[in-house]
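Participant: Encoded as structure tokens, here's the structure I'll be asking about.
The values are calculated or read from the model by the stated rules, or taken from the named source; none is laboratory data. Predicted model, so just to flag it, every value in this text is computed and none were measured. Glycine also receives a Cβ, built like all others from the backbone with ideal geometry; neighbour counts cover every protein chain displayed.
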Amino acid sequence: MNRLIRTSLLACSTLLAPLAQADDTLRWLDQQQRERETLDREQRLRQLQRALPPAPSAPGALATDTRCWQLPGLHLRGNRLVSDNNLQAAISPHVRPCMGVNALRQVLTRITRVYVERGYIAARAYPAQPPVDGQPLAIVIDEGFVEAIELDDEQLPVWLQGAFPDLLGNPLHLPALEQGLDQLNRLRSVDVEAQIVPGDLEGGSRILLSARSHASPWGARVRYGNGGDLSSGRHGASLVISRDNPLHLNDRLQVSLFSSAGNAPHYSRALSAYYSVPYGPWTLGASLGRSQQVAFTPVGRKRYAYTSDSQGLSLGRTLWRNQRALLHGQLRLNRKQQQRSFDGQRMALPDARQTSAGIDLSLLWLGRATWSTQLGYGRSLPWLGSDSRAFDHWRLGVIRTQVWPGNGHQWRWDSSLEAQYSPKPLPAGEQVLLSNSASVHGFRDSNIAASSAAVWRNSVALALPISPALRLTPHVAVDYGRGWGTWTHDRQHPVVAGISTGASLGWAGGEVTLDYRHAVVIKDGPPAEPGFWNMELKLDF
């Protein structure tokens, strides 16, 4: 009997290590988080790529003045947004003792341009009265105001007050207008553009919002692939359901489900939900997640279960933007809880409850290539029942994407560098998992994680349209990862590399990808896994 118990425990312990540390469902939840971050980057990129409003035209050649007035000075009034000193510095090169119509027009144009350069595109300047020799000329500056914000389709389910909380009744500020459009167009089903027209009141402007396209507020994506680990099943399927504007607050709800298949009675399952609601430049987000893995020992069919729960709050804000760049900041509060049981008995688990806070800064820049950088800092907190050891870490991410259009095809090069540094060993849930398809291609069963690590990824793809409805995209990817200190040995420095090559066949409602992946463990790791063919099917509804 004792021998049977020892055999069962030995078999169970063999299962515990890979399951507890290389939880396939946790990888899936991490993938969901990465996809949300990718979606956010793509939404911001679309906003930066919007058509720019026409810039004020430069004054052409001016005719010679036939008369000029002797003006002892110019008096400015009505300016509240730009100081007298800034305006005087801008117009002083154009002020002369004797000024004609063209010279006065240059002064008025320069004043208007000062406002436009600051984003106040509805401001204008004009003389208070005709010029008179020997008397100062008063120039009135009408900074304008937003008289109304209107929808051409009243049935469009958007909340204007939440998108433009400070615009109505105030001077028209282009960044505030763009920010409001960003918040409206973050929804998949909403695509609106703005037109500025004169209002009915003097100095007033009306903003007309019109929908460029309509889509269902419901969305769904089905994914099926064979990238799972051996313990819970190679094959897995996921379903992501999203709903735009469920509370009519420009909000968004997304629910994701995952289940492994093909290795019964062992299985992995996961459920996550994410909700976000904006107000002005702010966006509040909340997330919930639960993952579970269940396995049975070969002897005695004892049940082993590993469960992980996570909750998160985030508060993000657009800190600065222009037509080429966008700076975004975010505060995070996360809580994770995990438990392990064997044959109905809960087992001790280090760092079972973790609470952490973090801050992130991300910059998106649009040039010849698109750059996305992120710098983040996180640390543990003794809140909400946390029993985790104290920790902190820094994260850095840089993504570069460049596209070269060709004769009927398009090249794309994606390169990224992600790094994390921690002065102390981190709990397993905070470490960088190098043996992950989101880090280094070619791993499915291995667990190679480190507290401090760097991952460099490169991929090149060629999009080839083969019909009006189909496109074939061959691709090749090379990855390299290095860690400092693993969850088992602080002095291990694992080094891994991976390669992936294959092709994707895409159409309007989905994509199927087939590629061959192979990884190499260069230093301090388990034996390298054999290469395998990875298949993934995506369907969008």
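Participant: For the subset of region 485-498 comprising residues that are surrounded by fewer than 19 Cβ atoms within 10 Å (Cβ to Cβ) and either of a type in the set (D, E, K, R) or at pLDDT 90 or above (or both), which member is farthest from the chain's Cα centre (by Cα)?
Facilitator: Per the criteria, the residue is ARG491.
Participant: Okay, next question. Within region 408-429, is even one residue outside any loop (DSSP other than H, G, I, E, B), touching a helix residue (DSSP H, G or I) at 6+ places or on another chain (Cβ under 6 Å) and either in contact (Cβ under 8 Å) with a residue 60 or more places away in the chain or not hydrophobic (A, V, I, L, M, F, W, C) (or both)?
Facilitator: Yes, the conditions are met somewhere in region 408-429.
Participant: Which strands (runs of 3 or more DSSP E) does region 91-174 wholly contain that include 1 or more residues that are within 14 Å of LEU81 (Cβ to Cβ)?
Facilitator: 124-127, 137-142, 145-151
Participant: While we're looking at this one, here's another question. Mind listing whichever residues of region 185-204 are out of contact with any Leu (no Cβ under 8 Å at 6 or more places or on another chain) and either outside any strand (DSSP E or B) or surrounded by 14 or more Cβ atoms within 10 Å (Cβ to Cβ) (or both)?
Facilitator: Once the filter is applied, which keeps residues that are out of contact with any Leu (no Cβ under 8 Å at 6 or more places or on another chain) and either outside any strand (DSSP E or B) or surrounded by 14 or more Cβ atoms within 10 Å (Cβ to Cβ) (or both), region 185-204 yields ASN185, ARG186, LEU187, ARG188, SER189, ASP191, GLY199, ASP200, LEU201, GLU202, GLY203, GLY204.
Participant: Right, next: Restricting the search to region 439-467, which residues are under 22 Å from the mean Cα position of the chain (by Cα) and among the aromatic types (Phe, Trp, Tyr)?
Facilitator: TRP456, the sole residue that qualifies.
Participant: Let me ask you something else. Can we say SER92 is modelled with pLDDT under 60 and more than 30 Å from ARG332 (Cβ to Cβ)?
Facilitator: no
Participant: Within region 257-266, is there a residue that is within 26 Å of the chain's Cα centre (by Cα) and buried (at least 19 other Cβ atoms within 10 Å of the Cβ)?
Facilitator: Yes - at least one qualifying residue is present in region 257-266.
Participant: TRP456: assigned to a strand (DSSP E or B) and modelled with pLDDT under 95, yes or no?
Facilitator: no
Participant: Condition test on TYR279, is it outside the structural domain of GLN155 (by TED's automatic domain parsing), closer than 30 Å to LEU184 by Cα and not polar (S, T, N, Q)?
Facilitator: yes
Participant: Please specify each residue of region 504-519 satisfying the condition of being buried (at least 16 other Cβ atoms within 10 Å of the Cβ) and either in contact (Cβ under 8 Å) with a residue 60 or more places away in the chain or closer than 16 Å to VAL478 by Cα (or both).
Facilitator: Passing the criteria: ASP515, ARG517, HIS518, ALA519.
Participant: So which residues in region 117-166 are of a type in the set (Gly, Ala, Ser) and either under 30 Å from THR283 (Cα atoms) or buried (at least 18 other Cβ atoms within 10 Å of the Cβ) (or both), if there are any at all?
Facilitator: GLY119, ALA122, ALA123, ALA125, GLY144, ALA148, GLY162, ALA163
Participant: So if I check each of SER272, SER341, SER314, which one is of a type in the set (S, T, N, Q), farther than 22 Å from ASP166 by Cβ, touching a strand residue (DSSP E or B) at 6+ places or on another chain (Cβ under 6 Å) and touching a residue at least 40 places away in the same chain (Cβ under 8 Å)?
Facilitator: On inspection, the qualifying residue turns out to be SER272.
Participant: Further question: Could you say whether any residue in region 214-226 is in contact with a Pro (Cβ under 8 Å, 6 or more places away or on another chain), in a loop (DSSP other than H, G, I, E, B) and either closer than 30 Å to GLN155 by Cβ or not acidic (Asp, Glu) (or both)?
Facilitator: Yes, region 214-226 has at least one match.
Participant: Just a yes or no: is a residue in region 237-250 more than 28 Å from LEU537 (Cβ to Cβ), over 16 Å from the mean Cα position of the chain (by Cα), part of a strand (DSSP E or B) and in contact (Cβ under 8 Å) with a residue 12 or more places away in the chain?
Facilitator: No; the residues of region 237-250 include none that is more than 28 Å from LEU537 (Cβ to Cβ), over 16 Å from the mean Cα position of the chain (by Cα), part of a strand (DSSP E or B) and in contact (Cβ under 8 Å) with a residue 12 or more places away in the chain.
Participant: State the number of residues belonging to region 524-539 that are among the aromatic types (Phe, Trp, Tyr) and either surrounded by 14 or more Cβ atoms within 10 Å (Cβ to Cβ) or farther than 23 Å from GLY236 by Cα (or both).
Facilitator: Here the count works out to 1.
Participant: Given the criterion more than 20 Å from GLU37 (Cα to Cα) and either among the small types (Gly, Ala, Ser) or part of a strand (DSSP E or B) (or both), identify the matching residue among GLN323, GLN354.
Facilitator: GLN354
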